[in-house]
Every structure is written in structure tokens, then in C-alpha cells.
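A.B. asks: First, the structure itself, so that you have it in front of you.
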Amino acid sequence: MTGRTGKTRNIFLVWLVWPLITLGIYHLVWYYKVNREAHDLDERIDVNPAVSVLALALGWIVIVPPFVSVFNTGDRIARMQRAAGMPATCNPWIGLILMFVLGLYPLYYQYELNRIWEHYGHREEGARVPLAA
């Protein structure tokens, strides 16, 4: 079974610089891409990136959806790590807690994603890679 790699990104640019420059729009684009990369790497990971972004952006009206979405995204990253044949070091509970600490969860999640792409040797985005059974 094979999947497609995602993009290695600078964790500080993802967390602070691009969201500030774009008034928060980049954060939503990044969140969409991260969730899309989960499905692109392993088709067994069921996710609708648009719904994840809507839960994050508009879910504050109901209060709960953003927290569930951030937790589930962390769980998807852990599943991506296992699919790559790595130990699952991404903890969705840490991501959820970091959501309340200066919004640090993008920094943590992107760091964990970059570890996956390092595992595959920083291949070009979209390159086919083998998955663990």
C-alpha cells in the first residue's frame, strides 16, 4: 500500500508569522492542508478537510466543535505516524491543551508532521511512498 507525502513547513512560520500577516486566513488554509495530507498519506484515514475547517472557524458558536476538531486532527497525525511505520509520538491531548496556551497546537502538530516527512527523506510533495502494514 502506498500514500502521498505532504509538505515540510517551518513550524514558527505556520504558528505565528503567516497567520499574523494574513490576519488568520493562513491558519485555516494550513488546517485544511494538514487534514487533506492525512487522507493523502493513508486513504484509511477518513476525514473531510472542509468540515474540519468549518468546525474550527465557525464551531465557536456552539463552543465544542473546535476542540473536537483539534483533538481529532492530532489523532489523525498519530495515525499517519503509525502508517509510516513510526511510533505515534503525536498526542492529541497535548494538542488540545496547547490550544489554550498561546494557540501553540499548530507549532506542535506541524513539528510532528515534519517528522513524518523526514522519515521519508523530504521527498517532493505528493510523491508516492510505501506505508507500513
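A.B. asks: I'd like to verify a number: residues in segment 25-60 that are among the β-branched types (Val, Ile, Thr), in contact (Cβ under 8 Å) with a residue 40 or more places away in the chain and surrounded by fewer than 16 Cβ atoms within 10 Å (Cβ to Cβ), how many? Reasoning before the result, please.
C.D. replies: Initially, segment 25-60 is screened for residues among the β-branched types (Val, Ile, Thr), giving 25, 29, 34, 45, 47, 51, 53.
If we keep only those that are in contact (Cβ under 8 Å) with a residue 40 or more places away in the chain as well, we get 34.
If we keep only those that are surrounded by fewer than 16 Cβ atoms within 10 Å (Cβ to Cβ) as well, we get none.
Result for segment 25-60: 0.
A.B. asks: May I ask you to list the residues in segment 12-24 that are surrounded by fewer than 18 Cβ atoms within 10 Å (Cβ to Cβ) and among the aliphatic types (A, V, I, L, M)?
C.D. replies: Those that are surrounded by fewer than 18 Cβ atoms within 10 Å (Cβ to Cβ) and among the aliphatic types (A, V, I, L, M): Leu13, Leu16, Val17, Leu20, Ile21, Leu23.
A.B. asks: With respect to Gly95, is the statement that it is surrounded by 18 or more Cβ atoms within 10 Å (Cβ to Cβ) and either within 30 Å of Met1 (Cα to Cα) or at pLDDT 95 or above (or both) true?
C.D. replies: Values: surrounded by 18 or more Cβ atoms within 10 Å (Cβ to Cβ): yes; either within 30 Å of Met1 (Cα to Cα) or at pLDDT 95 or above (or both): yes.
For Gly95, the condition - surrounded by 18 or more Cβ atoms within 10 Å (Cβ to Cβ) and either within 30 Å of Met1 (Cα to Cα) or at pLDDT 95 or above (or both) - is met.
A.B. asks: Taking the condition over 23 Å from Thr2 (Cβ atoms), of a type outside the set (D, E, K, R) and surrounded by 13 or more Cβ atoms within 10 Å (Cβ to Cβ), does Gly74 pass?
C.D. replies: Criteria met by Gly74.
A.B. asks: Test of understanding: among Gly85, Gly121, Gly95, which residue is among the small types (Gly, Ala, Ser) and under 11 Å from the mean Cα position of the chain (by Cα)?
C.D. replies: Going through Gly85, Gly121, Gly95 in turn, the sole match is Gly95.
The values are calculated or read from the model by the stated rules, or taken from the named source; none is laboratory data. These numbers come from a predicted model, not from an experiment. Reconstructed Cβ throughout: ideal geometry from the backbone, glycine too, with neighbour counts over all protein chains shown.
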